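Below: one structure, written as structure tokens.
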Amino acid sequence: SLNMAETEQELPSSVLGTYDHWDEVYKDEMKGLVEMDDPGTEWFGRSATNRVVRWITKCAELNKHSTILDVGCGNGLLLLALAKQGYTNLVGLDYCQSALDLASAVFKKEGLGHVGSWLQVDLTIGNEEQAIFDVCLDKGTYDAVSLNPEDSNKGRESYIQNMATLMNCSSVFIITSCNWTTSELTSHFGKKFNFIEELPAPTFSFGGKSGKTVSTCVFKKKN
Ligand SMILES: C[S@@+](CC[C@H](N)C(=O)[O-])C[C@H]1O[C@@H](n2cnc3c(N)ncnc32)[C@H](O)[C@@H]1O
């Protein structure tokens, strides 16, 4: 069978890869939070969140004060699940200020405002952030970057480069994707990262593809 990564094939572009789409989504979800106490969609469902949270709580090298960055944090629900487990150093990054406003409001509403902080960065451009994180998370963000109608290949390259600057060799990177398989992710990230393990998962649909398995993979930065 054809290996997409080897043939350098790109995903068909989609509105899911545009800033305006996400800005609208999070402005809408903010209304939902204010009017109906509903923080919005949990991408890939609760089980995807739980899988990541469980892996972190079981990781012997991490503790409740480990620094955890969620890239493309959206409404912040993945970080909120970690906050509820007692993690105290949580940073959400997104290119959408409306996402960060929403995530911050969600944390405050839960009385957890003091454990979260928020960064507006576009991971396909530059990253001026100098901090190194013990854990970096991505749930659906590399997927969104891959669906950008404008040169997704270059966007993915910058994303991978930027992720490498946020980690050191003991950091872990946990990425959940439904557009790329584990072997595709391993190939894309292979220049900078080593594949460590895959967390098994059910199926979901995204960007017009249905029935594809969600892959959650753990990577570590190469020396
Ligand atoms: C599919 S959503 C996932 C949101 C969240 N991680 C979750 O699991 O619910 C993709 C997220 O990536 C963000 N995003 C897309 N492209 C980005 C970029 N170039 N830099 C930073 N964030 C980006 C979007 O604003 C959106 O919040």
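The values are calculated or read from the model by the stated rules, or taken from the named source; none is laboratory data. The shown structure was predicted, so the numbers you read here are calculated from the model rather than taken from an experiment. Because the Cβ atoms are built from the backbone with ideal geometry, glycine has one as well, and the counts that use them run over all protein chains shown. SASA here: full protein model, heavy atoms, side chains in, ligands and nucleic acids out. Shrake-Rupley method; radii C 1.70, N 1.55, O 1.52, S 1.80 Å.
Which entries of K64/K191; K64/K192; K84/K108; K27/K221; K154/K221; K27/K84 show an alpha-carbon separation above 23 angstrom in the structure shown?
From K64/K191; K64/K192; K84/K108; K27/K221; K154/K221; K27/K84, over 23 Å: K64/K191; K64/K192; K27/K221; K27/K84.
What residues from the stretch 68-84 fall in the zone where the backbone N is under 18 Å from a label point 7 Å along the Cα-to-C-beta line of K27?
74-75
Can you give me the distance in nm between label points at C59 and N168, each placed 7 Å from the Cα along the Cα-to-Cβ direction?
1.5 nm
Which longest run of the chain has no exposed loop site in it, a site being GluC sites (Glu not before Pro) in a DSSP loop with at most 11 other beta carbons within 10 Å, and the site itself not part of the run?
That gives 151-223 as the longest site-free run.
If the elastic network links every pair of Cα atoms under 10 Å, which of T176, T141, T67 fluctuates the most in the Gaussian network model of the chain?
Largest GNM mean-square fluctuation: T67.
Amide H neighbours of V121 under 5 Å, counting only residues 5+ apart in sequence or on other chains, H built in-plane at 1.01 Å?
Amide H to amide H, under 5 Å and 5 or more residues apart or across chains, V121 pairs with D94, Y95.
Probe of 1.4 angstrom, ligands and nucleic acids ignored: what's the accessible area per residue over the chain, in square angstrom?
Accessible surface, normalised per residue, equals 47 Å².
Pairs of Cα atoms under 8 Å, at least six residues apart: use those to get the relative contact order of the stretch 15-221, whole percent.
19 percent
Among bridges DSSP assigns within the chain, what percent are antiparallel (round to 5)?
For the chain, the DSSP antiparallel bridge percentage is about 45.
In the chain, with Lys and Arg counted as +1 and Asp and Glu as -1 at Cβ, which of these residues, S187, N162, L11, has the Cα nearest the positive end of the dipole, that is, farthest along it?
The listed residue farthest towards the positive side: S187.
Quick one: in the stretch 15-221, what % of C-alpha pairs are over 31 Å apart?
The answer is 11 percent, as a whole percent.
Quick one: putting +1 on the C-beta of Lys and Arg, -1 on the C-beta of Asp and Glu, what dipole do you get for the stretch 36-105 around its Cα centre, in Debye to the nearest 20?
Dipole magnitude for the stretch 36-105 comes out near 420 debye.
In a Gaussian network model over the chain where Cα atoms closer than 10 Å are linked, find which of D38, D94, D134 has the largest mean-square fluctuation.
Maximum among the listed residues: D38.
Under unit Cβ charges (Lys, Arg +1; Asp, Glu -1), what dipole magnitude, rounded to 20 debye, does the chain have relative to its Cα centre?
900 debye
For the chain, with all protein chains present and a 1.4 Å probe, just round the carbon and sulfur fraction of the accessible area to a whole percent.
50 percent
Ignoring the sites themselves, what is the longest stretch of the chain with no trypsin sites (Lys or Arg not before Pro) in a DSSP loop and at most 15 other beta-carbon atoms within 10 Å?
Result for the longest clean stretch: 65-190.
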